[in-house]
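The values are calculated or read from the model by the stated rules, or taken from the named source; none is laboratory data. Bear in mind that the values here come from a model prediction, so they are computed numbers and not experimental data. For neighbour counting, all protein chains shown are included, and Cβ atoms are generated from backbone atoms with ideal geometry for every residue, glycine included.
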Amino acid sequence: MFGSTRRQRSSTSASTPPEASQSTAELQILLELLTDALTAPPKSIYPSLGLLIAKSESVLHYLLASSNLPRSNDDFRRLSGFQILLDTLRTFSGFYHPIERTHEDKIQIFELIKIILKILSQVFKDHNGNQRYFRQRIEQGGWATLAQTIASIGIAGNDPDLWREAQLFGKLLSFVLDDWRIDKLCQQVINLCCPRVSDNDTPREILSLLCTEKDSDKSFYMDNVESNLSEIIKDPVLLHQPDFVSTVIDFWKAITRTKASINPVANIVIMTLYKISLVSTHNLKELHKTGILSTLLPLTFDIDSPLGSYEKINVEAFCKNLISVGINDLSDTEYLIQSKSSGAAQFLLEALDSSQTPPFIQFDLSLNGYASIELPNLGRCFPPPPNIPGYSLVVWMYVDRFDPKIHTTIFGAFDSSQTCFVLAYLEKDSHNFILQTSVTSPKPSVRFKSIVFRERKWYHVAIVHRRHRTMTASKVSLYVDGEFVEQVKCQYPNPPPLSNASTESFASFSSSARANPVQVFLGTPKDLSAHVGPSEVISRWSFASA
């Protein structure tokens, strides 16, 4: 039940050739066909987009249909798949032009980018080796190279072009979230925000129409966009590619803006990232680690910021959430202190007020289906020796979200034979505190019915368990936030057996005999989870030292 397992580390050796197999050979052929398609036809500077789209789709379909995805992902890396994808994008350096390229050309180049990003998403999925290889072993770093090759195509130009921006950021945000509904929403956003726009309007005509919209209409249309976005970004959505967020922000900064109009695409970028940060502490901290706060603060408070008032409001809200978990660089604090903006001073004051949360560890089961801290040995006698009247468990805990399918496991202690056994958890249905002290007793656990634990509230919980006496049964008491809640009769945990107990060895009678070590854990270990995998479980709770 509680066997120890060690996660196998994915190999990232590019020099290790893949084992010969039919599946490896098939992927190799598909990648070779994609490479061959990079050759431009006669009298053309660029290769055929239609052909490259078809060959890239073949690679994607192969990976999606693979019955052994980890093996296929290893093969992809060893067959230079990452380099081939980057070479494919690099081939179209300077390709995009708002006038010289036909609408069909523009659609196809974005379709190719979409397929390549989908391939990357697939080969990164649950594969730390590929993620590490791409980040560290690709020339100049895979993420920086990917950003440079996309920018070199010309699709991140400074000319106002809402159609191009919607296409670009739809793909980038969908890649970051691994949810391609964002792409569809971005392509609908222009019509949502300006119904008078037609397919035949030029980029400047679209911008002109947006500028003539009334402020009240603009806010209404953006509220419509936000409502659609909220249907997509909700718990348990995960930020899958945090390393690419800085690139998204760099492209977002380059968007041409007029303060007289609301750029719907620019706003949907910030609204998306902000909503992701609100879903979970994991998402918020992953966004915080990117360092984008340093980029966003000047855009929020500088007098000459290119952002309009509506966009500034969204960016400031995002910054408030980011700074709630600290700062990456002391220069950010220096900037806020020295800023001439009264808003910056108020922002800093609110940030200091919101930073009083105690340090805590979060167990987010939505990431893998399990999350725990495990120690192979408690390091002291448990249960305590007979001369000590009992033991206590004291903890600060905060449940972000319960999962109705599973119990919320708080603490466990056991030896290898499970003779000594303690398990504390919140029941999935009642949200009562349950203490189990045996796996063999007719009544192995007790329930504290006097309190129901709620989501989004810190509780100081203390369990005090007294051992039985000659004429008195063992009792356990529950205290919550310093108040006595309930006392019930509960079997006291058995001590673990001797680790060298044997009827055939004199050593078992010697002073060197030791009890089996007692292992302990906080959270839910993998061996206890019945639903392993991302988003299989939505339970999330936090622990702080009492």
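Only one of the numbered conditions (1) at pLDDT 90 or above; (2) in the same structural domain as Val532 (by the TED database) is not met by Arg380, and that is (1).
The set of residues in region 271-300 that are of a type in the set (Ser, Thr, Tyr) and either surrounded by fewer than 20 Cβ atoms within 10 Å (Cβ to Cβ) or assigned to a helix (DSSP H, G or I) (or both) comprises Thr272, Tyr274, Ser277, Thr281, Ser294, Thr295, Thr300. So for region 93-101 (the condition being at pLDDT 90 or above, in a helix (DSSP H, G or I) and within 23 Å of Thr145 (Cβ to Cβ)), does at least one residue qualify? Scanning region 93-101 turns up no residue that is at pLDDT 90 or above, in a helix (DSSP H, G or I) and within 23 Å of Thr145 (Cβ to Cβ).
Taking first residues from region 158-178 that are more than 18 Å from Arg257 (Cβ to Cβ) and at pLDDT 95 or above and partners that are of a type in the set (S, T, N, Q) and not in a helix (DSSP H, G or I), the Cβ contacts under 7 Å between residues at least 6 apart in sequence or on separate chains come to Phe175/Gln241; Val176/Gln241. The residue of region 465-484 that is nearest to Met397 (Cα to Cα), among those that are of a type in the set (Lys, Arg) and in a loop (DSSP other than H, G, I, E, B), is Arg467. Suppose the filter is part of a helix (DSSP H, G or I), β-branched (Val, Ile, Thr), touching a helix residue (DSSP H, G or I) at 6+ places or on another chain (Cβ under 6 Å) and crowded, with 17+ Cβ neighbours inside 10 Å; does Ile109 pass it? For Ile109, the condition - part of a helix (DSSP H, G or I), β-branched (Val, Ile, Thr), touching a helix residue (DSSP H, G or I) at 6+ places or on another chain (Cβ under 6 Å) and crowded, with 17+ Cβ neighbours inside 10 Å - is not met.
Would you say Val245 is in contact (Cβ under 8 Å) with a residue 60 or more places away in the chain, crowded, with 20+ Cβ neighbours inside 10 Å and within 13 Å of the chain's Cα centre (by Cα)? Against the criterion (in contact (Cβ under 8 Å) with a residue 60 or more places away in the chain, crowded, with 20+ Cβ neighbours inside 10 Å and within 13 Å of the chain's Cα centre (by Cα)), Val245 qualifies. Tyr310 fulfils the conditions (1) closer than 25 Å to Trp143 by Cβ; (2) aromatic (Phe, Trp, Tyr); (3) in contact (Cβ under 8 Å) with a residue 60 or more places away in the chain except for a single criterion, (1). All of Val325, Val315 fail the test of being modelled with pLDDT of 95 or more, surrounded by 16 or more Cβ atoms within 10 Å (Cβ to Cβ) and either farther than 24 Å from Asp235 by Cα or β-branched (Val, Ile, Thr) (or both), apart from Val315.
Gln346 fulfils the conditions (1) surrounded by 15 or more Cβ atoms within 10 Å (Cβ to Cβ); (2) outside any loop (DSSP other than H, G, I, E, B) except for a single criterion, (1).
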